[in-house]
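**Student:** There's a structure below that I have some questions on.
The values are calculated or read from the model by the stated rules, or taken from the named source; none is laboratory data. All values derive from a computational prediction rather than experimental measurement. Cβ: placed from backbone, ideal geometry, glycine included. Neighbour counts: every protein chain shown. Ligands, DNA and RNA are stripped out before the accessible areas are found, and what is left, the full protein with its side chains, is counted by its heavy atoms. Shrake-Rupley method; radii C 1.70, N 1.55, O 1.52, S 1.80 Å.
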Amino acid sequence: MSDRLRGYGAVPVEVPTIAVEPPRSPAQMDRAIKGLVTGRYGWIVFTSVNAVKAVREKFAELGLDARAFAGVKVACVGESTADAVRAFGIQPELVPTGEQSSQGLLADFPPYDDVFDPINRVLLPRADIATETLAAGLVERGWEIDDVTAYRTVRAAPPAASVREAIKGGGFDAVCFTSSSTVRNLVGIAGKPHAKTVVAVIGPATAASAQEFGLRVDVQPETAAVGPLVDALAEFAAARRAEEEGAAT
């Protein structure tokens, strides 16, 4: 993301707002991965790159590799997550064709069919704070869900005082939020961005969180992914520059 911003001539400053930690107890995740090996699941649904990473780490710990996915269909919430799955040597069967979100995934997810689907159980490894939308939607489509905490997301340590002052004082031209938790956590560890700061969000859920905190959303790409977010911000900046230059003449 930072490289893409630099490509447009921006000067990115990365401020971590989330730290990822393992679940408090490994037992639930151990059972889920063993269930993959024994053919318990018809599908596994990945909702983030961190979920893929958590499963890969558990595989390494248990001495497993991608062969454990034999016979299991893989769904991913978006292209970034799908890329992480492909890096594991697996081609996902389902990535949303429309909105890259839980709702977009549900729109494309097939209902359970007892003729074509010999196994009706879906493994959903995800963050401890994930919403219930996806699990509830899959149950409505006739699937049995094993909703497993694969990792915990915790608030990162506050950034340096100079960065906090720049965030609140308008020292940054723009802020890019890539999830709802980055909005909540940034406000928690550094305060709200200045009113003149351009606010760019990755998708509708993140936009809603920003608005809850009283932030004005200026930029939201059509596709909820990092690349389109950066491109949309660059387009917004170019349009604003052209507007200011026109006003000056």
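**Student:** Tell me, what is the 1.4 Å probe accessible area of D128, in Å² to the nearest 10?
**Tutor:** Spelled out: D128, probe radius 1.4 Å, area about 70 Å².
**Student:** Where the only charges are on Cβ atoms (+1 Lys, Arg; -1 Asp, Glu), what is the dipole of the range 1-131 about its Cα centre, to the nearest 20 debye?
**Tutor:** Computed about the Cα centre, the dipole is about 340 debye.
**Student:** Within the range 163-229, what whole-number % of the accessible surface is contributed by carbon and sulfur, with the 1.4 Å probe and all protein chains included in the calculation?
**Tutor:** Roughly 49 percent, rounded to a whole number.
**Student:** Charges only on Cβ, +1 for Lys and Arg, -1 for Asp and Glu: so what's the dipole of the range 1-77 about the Cα centre, in debye to the nearest 20?
**Tutor:** Details: 11 positive and 7 negative charges, 61 e Å.
The dipole of the range 1-77 has a size of about 300 debye.
**Student:** Which order, highest average first, do 11-22, 51-62, 150-161 follow once you tally other Cβ atoms within 10 Å for each residue and take the mean per peptide?
**Tutor:** Descending mean neighbour count gives 51-62, 150-161, 11-22.
**Student:** Is any residue of the range 181-212 close enough, with backbone N under 17 Å, to a label point placed 7 angstrom from the Cα of E243 along the Cα-Cβ axis, and if so, which?
**Tutor:** Output list for this probe position: 195-201.
**Student:** Still on this structure: When volume of the Cα convex hull per residue in Å³ is calculated directly from the model, which label among (1) 121; (2) 136; (3) 181 fits?
**Tutor:** Identified label for the calculated read-out: (2).
**Student:** Then there is this: Report for the chain the percent antiparallel among DSSP-assigned beta bridges with both residues inside it, nearest 5.
**Tutor:** Working: 4 of 23 bridges.
Taking every DSSP beta bridge with both residues in the chain, the antiparallel ones total about 15 percent.
**Student:** Another question about this same structure. Can you bin the range 30-119 into rounded, prolate or oblate? Criterion: square roots of the alpha carbon gyration tensor eigenvalues sorted a ≥ b ≥ c, rounded for a/c under 1.5, prolate for a/b above b/c, oblate for the rest.
**Tutor:** Cα axes put the range 30-119 in the oblate bin.
**Student:** I've got another one for you. Around V187, under 13 Å between beta carbons, what's the net of Lys plus Arg minus Asp minus Glu among the other residues?
**Tutor:** Around V187, the surrounding residues sum to +4.
**Student:** Further question: Accessible area of the range 1-146 with a 1.4 Å probe: how many percent of it is carbon plus sulfur?
**Tutor:** 51 percent
**Student:** Still on this model: What does the charge dipole of the chain about its Cα centre add up to, to the nearest 20 debye, if the Cβ of each Lys and Arg holds +1 and the Cβ of each Asp and Glu holds -1?
**Tutor:** Numbers: 25 positive and 31 negative charges, 166 e Å.
Using Cβ point charges on Lys, Arg, Asp and Glu, the chain gives about 800 debye.
**Student:** So what is the accessible area of the chain per residue, in Å², with the probe set to 1.4 Å?
**Tutor:** Accessible area per residue, the chain: 52 Å².
**Student:** Give me the net charge of P158's neighbourhood, meaning all other residues with Cβ under 15 Å from the Cβ of P158; Lys, Arg count +1, Asp, Glu -1.
**Tutor:** +3
**Student:** Answer with one residue from V115, I189, T133: the one whose Cα lies farthest towards the positive end of the charge dipole of the chain, charges on Cβ with Lys, Arg +1 and Asp, Glu -1.
**Tutor:** I189
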